[in-house]
Amino acid sequence: MRTLFCALALCGLAATSQAAEFTLSSPDMRDGQPLTQVQVYDGFGCHGENRSPALAWHNPPAGTQSFAVTAYDPDAPSGSGWWHWTVFNIPATVHELPAGIGPDGKGLPTGAIQGRTDFGTSGFGGACPPEGDAPHRYQFTVWALKTATLPLDAQASGAMVGFMLRANSIGQARLTPVFGR
């Protein structure tokens, strides 16, 4: 009986260790590498294309009912970081976003909503650290959520979206490129 129990326990550990990791990838940026001018803001003294990157995620946790995507700069000299993008209520059947999603939401899956960035608008707001700062980290995170929708609209601030994401998250995958000027 003890041998059977040990064998079953080892099978359970093997199955757990073989579970695929929740990951995020992008053809437009790499973890730890500098962003290109394509993902740089066009304003505030920055001159870029302000284009959101293509993102794809794989192996979400069991029980995922929806996804959200955020882009956040924890190094911004604001005392609270800087929200560059929030997208939430992405259906659980969707596992990617195309590049270049517009401020009007063109390119988003049905039902998905973009919240307000710290630039004061909805849609993607690219990197734009202060001149002379050390390169900032830009955390692009996909959140697997235990709820199908968040009770928020396009006027939701990054802080409010972040609060709701942390309350409903069952998993996260992240890429963190950098950018300085």
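The values are calculated or read from the model by the stated rules, or taken from the named source; none is laboratory data. None of these values were measured; they are calculated from a predicted model. Neighbour counts run over all protein chains shown; Cβ positions are idealised from the backbone, glycine included. With ligands, DNA and RNA removed, areas are computed over all heavy atoms of the protein, side chains included. Shrake-Rupley method; radii C 1.70, N 1.55, O 1.52, S 1.80 Å.
Worth a mention:
- Of everything in segment 162-174 that is among the aliphatic types (A, V, I, L, M) and under 12 Å from the mean Cα position of the chain (by Cα), the residue that is farthest from residue 82 (Cα to Cα) is 173.
- Which listed residue is more than 22 Å from residue 39 (Cα to Cα) and either modelled with pLDDT of 95 or more or among the hydroxyl-bearing types (Ser, Thr, Tyr) (or both), from 112, 154, 148: 148
- Every condition in (1) assigned to a loop (DSSP other than H, G, I, E, B); (2) modelled with pLDDT under 95; (3) open to solvent by 40 Å² or more (accessible area, probe 1.4 Å) is met by residue 102 except one, and the failing one is (3).
- Subset tally (residues that are open to solvent by 10 Å² or more (accessible area, probe 1.4 Å) and within 16 Å of residue 59 (Cβ to Cβ)) for segment 138-179: 6
- Residue within segment 126-135 that is within 16 Å of residue 81 (Cβ to Cβ), among the hydrophobic types (A, V, I, L, M, F, W, C) and without any contact (Cβ under 8 Å) to a residue 60 or more places away in the chain present: yes
- In this structure, residue 93 does not qualify as among the polar types (S, T, N, Q), modelled with pLDDT of 95 or more and not in a loop (DSSP other than H, G, I, E, B).
- Any pair with Cβ under 8 angstrom, 6 or more apart, that starts in segment 150-162 at a residue that is without any contact (Cβ under 8 Å) to a residue 24 or more places away in the chain and ends at one that is assigned to a helix (DSSP H, G or I) and hydrophobic (A, V, I, L, M, F, W, C): 151/164
- Among the numbered conditions (1) open to solvent by less than 40 Å² (accessible area, probe 1.4 Å); (2) farther than 23 Å from residue 39 by Cα, the only one that residue 63 does not meet is (1).
- Residue list for segment 67-94, filter: of a type in the set (Val, Ile, Thr) and out of contact with any Leu (no Cβ under 8 Å at 6 or more places or on another chain): 86, 93, 94
- Residues located in segment 40-80, provided they are small (Gly, Ala, Ser), touching a residue at least 12 places away in the same chain (Cβ under 8 Å) and assigned to a loop (DSSP other than H, G, I, E, B): 45, 48, 52, 54, 63, 76, 78, 80
- Segment 105-130, residues that are hydrophobic (A, V, I, L, M, F, W, C), surrounded by fewer than 22 Cβ atoms within 10 Å (Cβ to Cβ) and assigned to a loop (DSSP other than H, G, I, E, B): 108, 112, 119
- Extreme residue, farthest from residue 38 (Cα to Cα), among residues of segment 66-99 that are hydroxyl-bearing (Ser, Thr, Tyr) and crowded, with 16+ Cβ neighbours inside 10 Å: 66
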